[in-house]
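A quick write-up on the structure given underneath.
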Amino acid sequence: MTIIDLKKRFVEIYGGSTEDLRVFSAAGRVNLIGEHIDYCGGKVFPAALNLRTAVVARKTGKNEIRLAATTIADRVTLDINRLNDYRDLKWGDYQAGVAFVMQQDGYNIVGCDLLYDTDVPFGSGLSSSASIEVATAMTLATFSAEAGGKGVDLVRLAVLGQRSENTYNGVNCGIMDQFASSLGKKDNAILLNCKTLEYDYVPLELGDYALVIANCNKPRSLQEGKYNERRAETEQALEALKTVLPGITCLADITPEQFEKAGKTVLSGKVYDRAKHVVEECARVLESADALQKGDLKTFGEYLNQSHYSLRDLYEVTGAYLDALSQREREFPGCIGARMTGAGFGGCTVALVEKSKVDEFIKYVDEKYYDDMGVRALFYTTSVENGAQELK
Ligand code: GLA
């Protein structure tokens, strides 16, 4: 929806005029490479997208936060003095979680009416939840500052978004999504060290190539359980590896050479495979960022492929739909790399495709994927944009 339409909708729901309305926005993201390593202290390489969550907001001075959305009928009222009580909401639990952890962190949470509008497809691996969390945090932090409390610090907002998802919504996610949603920069990817939160922007100069994001359109199921299970497996691997590599604090501290020697001495089976993926994926991110900076897109694309194979064979988070979709993408002449992006088990792929062949690519992949799986993929026209902001 356009900003004007959103404001009109807000007034239909909450009354008043459009004059005193504010609009905040946070981004969905695509992760170029570095999958399932953020919670192991690795470096990841995401970029913020033009697919976003917008929040139209008005301060009310009451002791409540009211929530509505453009696409669902649910209306929710959160009592600011009981923010811990909304964990079981079907919709609104992400917003409640953010408000709660911010309050715990010393922000001055003030009463407001909020209307959410998101075009980040839900459950797509493009961080719809992080965009809701960060847009909420941006809104509440701005209002907190205006009431004399703590204000906007984009890194802090990302950390609080992650904390709320971990502690309020029961998903043990890493920091990548909230960080990209908050700190994304137009036409740049973020090389983020998830151990230290140090980061660099890397210009996304793709020359004759374009990124194409496609949704395999398989509804995700049991995703959260599997995600937490993978995370637990990496923690188990870390504890075992510490006994032979005493200096390490996270799996990302281990080089592939060290792992080659140490891995088999203390790990076996699935836990070995999971750790091997993490160690090698960490190395691939650095190689990929380097290749991109040198303008060597073919090598960058090859790393995307390798990342997918590792997520398929070692980490086991791809599934038949993402495998089929990315395979069809890869076999198209003019596509130099394709992989799943995000948590996996469904959701999206990202492919690097010759610009002049993008339409042909989409047509080809669409048909072949439908033949393979009997569902239609969705293709998004995306651009890389800034992260969290107030729209003036
Ligand atoms: C989800 C999580 C992230 C990250 C990815 C996998 O998007 O929210 O923290 O772990 O999965 O890379």
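Does any residue of segment 334-347 turn out to be more than 15 Å from residue 218 (Cβ to Cβ), aliphatic (A, V, I, L, M) and at pLDDT 95 or above? Within segment 334-347 (the criterion being more than 15 Å from residue 218 (Cβ to Cβ), aliphatic (A, V, I, L, M) and at pLDDT 95 or above), the answer is yes, since at least one residue qualifies. Of the residues making up segment 126-161, those that are within 13 Å of the ligand (Cβ to nearest atom) and either under 18 Å from residue 83 (Cα atoms) or assigned to a helix (DSSP H, G or I) (or both) are 128, 129, 130, 131, 132, 133, 134, 158, 159, 161. Taken as a whole, the structure places residue 55 among residues that are away from the ligand (no atom under 16 Å from the Cβ) and buried (at least 24 other Cβ atoms within 10 Å of the Cβ).
Say whether the condition of being charged (D, E, K, R), assigned to a strand (DSSP E or B), without any contact (Cβ under 8 Å) to a residue 40 or more places away in the chain and over 30 Å from residue 289 (Cα atoms) is met by at least one residue in segment 78-85. Steps first, please.
Taking segment 78-85 and keeping what is charged (D, E, K, R), we get 79, 82, 85.
Imposing the further condition that a residue be assigned to a strand (DSSP E or B) reduces the set to 79.
The next check asks that each one be without any contact (Cβ under 8 Å) to a residue 40 or more places away in the chain; those that pass are 79.
Add one more test, that the residue is over 30 Å from residue 289 (Cα atoms), and what stays is 79.
Yes - at least one qualifying residue is present in segment 78-85.
Per the listing 230, 274, the residue uniquely of a type outside the set (Gly, Ala, Ser), touching an Asp or Glu at 6+ places or on another chain (Cβ under 7 Å) and in a helix (DSSP H, G or I) is 274. Consider residue 97 carefully, then state whether it is in a helix (DSSP H, G or I), in contact with a Lys or Arg (Cβ under 8 Å, 6 or more places away or on another chain) and crowded, with 24+ Cβ neighbours inside 10 Å. Taking the combined requirement at face value, the residue satisfies it. When segment 150-164 is filtered for residues that are crowded, with 24+ Cβ neighbours inside 10 Å and of a type outside the set (A, V, I, L, M, F, W, C), the ones remaining, listed by number, are 161, 162, 164. Selection of first residues in segment 88-116 that are at positive phi and of second residues that are surrounded by fewer than 24 Cβ atoms within 10 Å (Cβ to Cβ) and among the charged types (D, E, K, R), restricted to Cβ pairs under 7 Å at least 6 apart or on distinct chains, gives the following pairs, ordered by first then second residue: 92/74; 106/150.
Against the test of being in contact (Cβ under 8 Å) with a residue 40 or more places away in the chain and among the charged types (D, E, K, R), the options 5, 38 yield a single qualifying residue, 38.
Evaluate segment 352-374: report whether one residue or more is at pLDDT 95 or above and closer than 30 Å to residue 159 by Cα. For segment 352-374, residues at pLDDT 95 or above and closer than 30 Å to residue 159 by Cα: absent.
Would segment 169-189 turn up any residue that is surrounded by fewer than 21 Cβ atoms within 10 Å (Cβ to Cβ), more than 16 Å from the ligand (Cβ to nearest atom) and of a type in the set (S, T, N, Q)? Yes - at least one qualifying residue is present in segment 169-189.
Within the bounds of segment 69-90, is there any residue that is within 16 Å of the ligand (Cβ to nearest atom) and either more than 20 Å from residue 163 (Cα to Cα) or touching a strand residue (DSSP E or B) at 6+ places or on another chain (Cβ under 9 Å) (or both)?
Kept after step one, since they are within 16 Å of the ligand (Cβ to nearest atom), are these residues of segment 69-90: none.
There is no residue in segment 69-90 that is within 16 Å of the ligand (Cβ to nearest atom) and either more than 20 Å from residue 163 (Cα to Cα) or touching a strand residue (DSSP E or B) at 6+ places or on another chain (Cβ under 9 Å) (or both).
Looking across segment 7-60, the residues that are outside any strand (DSSP E or B) and under 14 Å from the mean Cα position of the chain (by Cα) come down to 32, 33, 34, 35, 36, 37, 38, 39, 45. Can you say whether residue 164 is within 22 Å of residue 225 (Cα to Cα), more than 10 Å from the ligand (Cβ to nearest atom), part of a helix (DSSP H, G or I) and touching a residue at least 40 places away in the same chain (Cβ under 8 Å), as far as the supplied structure shows? Judged against the criteria, residue 164 is a match.
Is one or more of the residues making up segment 139-153 closer than 17 Å to residue 384 by Cβ and in contact (Cβ under 8 Å) with a residue 12 or more places away in the chain? First the steps, then the outcome.
So the first thing to find is which residues in segment 139-153 are closer than 17 Å to residue 384 by Cβ, and the list is none.
No, segment 139-153 contains no residue that is closer than 17 Å to residue 384 by Cβ and in contact (Cβ under 8 Å) with a residue 12 or more places away in the chain.
Taken over segment 358-392, the residue count meeting the criterion of being part of a helix (DSSP H, G or I), within 14 Å of residue 328 (Cβ to Cβ) and not acidic (Asp, Glu) is 9.
The values are calculated or read from the model by the stated rules, or taken from the named source; none is laboratory data. Because the structure is a prediction, the values reported are computed rather than measured. Positions of Cβ are generated from backbone atoms using ideal geometry, with glycine treated the same way; all protein chains shown enter the neighbour counts.
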